[in-house]
Amino acid sequence: TQLLEQSPQFLSIQEGENLTVYCNSSSVFSSLQWYRQEPGEGPVLLVTVVTGGEVKKLKRLTFQFGDARKDSSLHITAAQPGDTGLYLCAANTGNQFYFGTGTSLTVIP
Amino acid sequence: DSGVTQTPKHLITATGQRVTLRCSPRSGDLSVYWYQQSLDQGLQFLIQYYNGEERAKGNILERFSAQQFPDLHSELNLSSLELGDSALYFCASSVTPRGGHETQYFGPGTRLLVL
């Protein structure tokens with residue numbers, strides 16, 4: 001059983017479309033992070049969300065932390081081919097980081 | 001470039017063999033994490049070192065061991081290798097800014113193929 005479940009697992013969309021990916025858990029976290037990983041490279045941190053209900057924006061990416069701090073979403077507006085990659089959520093339980101199952105996004109030009 | 005370096009980038013070996021993966025953290029980072037990433041298991045935490053001491057252990061097999069040296073670089077030793085050990089192995093170093101949250105910086109990874 002994974003601590004963090006992400007959905008969808010795979011997503012293929014046309015350039016210009018909007019999309020949302022989800023990260024869900026039955027556990028409560030003090031913070032949650034989102035990473036993007038491109039093929040052949042390590043994950044790169046995009047954002048950390050801390051407060052329940054918090055919304056953070058990074059250009060066309062909008063991150064939201066659930067009110068109960070058990071889940072999070074990532075919304076991408078007008079997706080670009082450069083957004084292609086594996087999106088991972090991660091939570092720090094105090095003594096280690098748990099990573100979600102990942103959403104593999106492909107944006108078709 | 002995250003500032004974390006890992007060597008080698010690729011490694012091909014046979015079952016039963018032993019290999020050593022090396023990681024140099026970002027300058028000033030005291031904490032080093034090791035992860036294994038495979039298609040079916042995702043990114044799995046193996047072990048963490050902080051300033052030379054083991055701090056946390058995850059899903060690390062007994063055949064695997066790690067250490068962090070006084071210069072803060074770290075090595076992950078994988079022995080009695082099996083086909084299922086084929087994966088990407090990542091190292092990450094981290095910093096916790098004053099009043100902030102721990103941020104990990106990942107290296108480019110070592111791709112291990114066991115034949």
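Nothing in this text is a laboratory measurement; each read-out follows from the coordinates by a stated rule. Keep in mind that this is a model prediction, so the values were computed, not measured. FYI the Cβ positions are ideal-geometry reconstructions off the backbone, even for glycines, and counts take in every protein chain you see.
Compute the separation of the alpha-carbon centres of the stretch B:83-101 and the stretch A:1-68 and state it in Å as a whole number. Distance between centres, Cα-based: 18 Å. Annotation: the residues A:Val50, B:Val114, sorted from fewest to most other C-beta atoms within 10 Å of their own C-beta, follow the order A:Val50, B:Val114. Summarised in one figure, the compactness ratio Rg/Rh of the stretch A:1-88, Cα atoms and Kirkwood Rh, is 0.95. Here is the tail figure for the stretch B:50-115: Cα pairs spaced more than 15 Å apart come to 63 percent of all pairs.
Arranged from fewest to most other beta-carbon atoms within 10 Å of their beta carbon, B:Tyr35, A:Tyr22, A:Tyr35 become A:Tyr22, A:Tyr35, B:Tyr35.
What number, in percent, do you get for the relative contact order of chain B if the mean sequence gap of Cα pairs under 8 Å and at least 6 apart is divided by its residue count? Could the numbers behind the result be given before it?
Details: 285 pairs, mean separation 41.2, N = 115.
Reported relative contact order: 36 percent.
Tell me, what is the percent relative contact order of chain A, built from C-alpha pairs under 8 Å that lie six or more residues apart? Each step should come with its number before you reach the end.
Numbers: 279 pairs, mean separation 40.2, N = 109.
Once normalised by length, the contact order is 37 percent.
Relative contact order of the stretch A:38-94: 25 percent, from C-alpha pairs under 8 Å at least 6 residues apart in sequence.
Over the Cα atoms of chain B, compute the convex hull volume and normalise it per residue, giving Å³.
On the way: hull volume 11.5 nm³, N = 115.
With only Cα atoms used, chain B gives 100 Å³ per residue.
Centre-to-centre separation between the Cα atoms of the stretch B:1-59 and those of the stretch A:87-109: 18 Å.
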